[in-house]
Amino acid sequence: MTGTNIRDAQLSELGLLAKIWFDGWQDAHARIVPVELARLRTLKSFEERLRAASPGVRAAGAVGAPVGFYYLKGAELYQFYVASSARGSGVAAILMADAEARLGESGVHAAWLACAIGNDRAARFYEKCGWLRAGTVTDHLEVPGATFALEVWRYEKSL
Ligand SMILES: CC(C)(COP(=O)(O)OP(=O)(O)OC[C@H]1O[C@@H](n2cnc3c(N)ncnc32)[C@H](O)[C@@H]1OP(=O)(O)O)[C@@H](O)C(=O)NCCC(=O)NCCS
């Protein structure tokens with residue numbers, strides 16, 4: 001997957017990206033987070049959040065056929081998802097390099113991200129990329145009209 005294109009997501013792709021987010025969320029989180037949170041994570045909710053985050057969403061792959069995306073929130077690598085078909089292919093590392101470059105360009109020296117406790121594949125991936133687990137913290141996750149408190153692993157990286 002060397003040479004995978006990382007670029008700004010197009011508005012026309014937000015539905016496809018929401019599906020990658022929904023499916024990836026189910027794969028990684030549905031079994032390890034409270035059922036009340038899982039109920040709120042609908043495809044529509046992800047599409048609305050992507051729309052609110054756009055522009056600013058970066059996508060991997062050809063326009064019209066994205067295989068992953070991420071977006072930032074200040075110093076936080078806020079969302080990071082790769083489609084199941086592209087996992088293990090190296091796309092995630094290319095997407096991560098783009099995310100770290102953009103964090104650095106925006107003046108961030110101490111980046112962080114939250115990872116659900118027990119999302120072992122993501123944790124292993126972040127550690128391979130040089131992120132360090134700083135500890136367990138309470139994150140206040142975005143849910144429609146409110147926030148949801150969840151204990152998460154906090155990862156940090158000096159850029
Ligand atoms: C997290 C994610 C972006 C990583 O991308 P990826 O292509 O899967 O990453 P890689 O395959 O390069 O690395 C994953 C590592 O975890 C390992 N792994 C796979 N399943 C695992 C498991 N159940 N437990 C622990 N490690 C696991 C892999 O073997 C690999 O390590 P290795 O290279 O040393 O063999 C991708 O898996 C994803 O989108 N997952 C669903 C959504 C998600 O969890 N997003 C992050 C939210 S915090």
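Read-outs throughout are calculated quantities, based only on the coordinates presented, and are distinct from any laboratory measurement. Note that this is a predicted model, so its numbers are computed, not measured. Positions of Cβ are generated from backbone atoms using ideal geometry, with glycine treated the same way; all protein chains shown enter the neighbour counts.
Side notes on the structure shown:
- About its Cα centre, the stretch 6-158 has a charge dipole of approximately 200 debye under the convention of +1 per Lys or Arg Cβ and -1 per Asp or Glu Cβ, with nothing else charged.
- Highest-first packing order for the peptide set 147-159, 82-94 is 82-94, 147-159, based on the mean count of other beta carbon atoms within 10 Å.
- DSSP bridge analysis restricted to the chain gives an antiparallel fraction near 95%, rounded to the nearest 5.
- When the stretch 6-158 is described by a simple charge dipole with +1 on each Lys and Arg Cβ and -1 on each Asp and Glu Cβ, the residue from Trp153, Val35, Thr138 located farthest towards its positive end is Val35.
- Descending semi-axes in Å of the stretch 6-158, equivalent ellipsoid built from Cα gyration tensor: 21, 20, 15
- Counting lysine pairs in the chain that sit 8 or more residues apart in sequence, or on different chains, and whose Cα atoms lie under 26 Å apart gives 6.
- Mean residue ellipticity, 222 nm, helices only, the chain: the sum of -39500 (n - 2.57) across DSSP H runs of n ≥ 4, divided by residue count and rounded to 500, is -11000 deg cm²/dmol.
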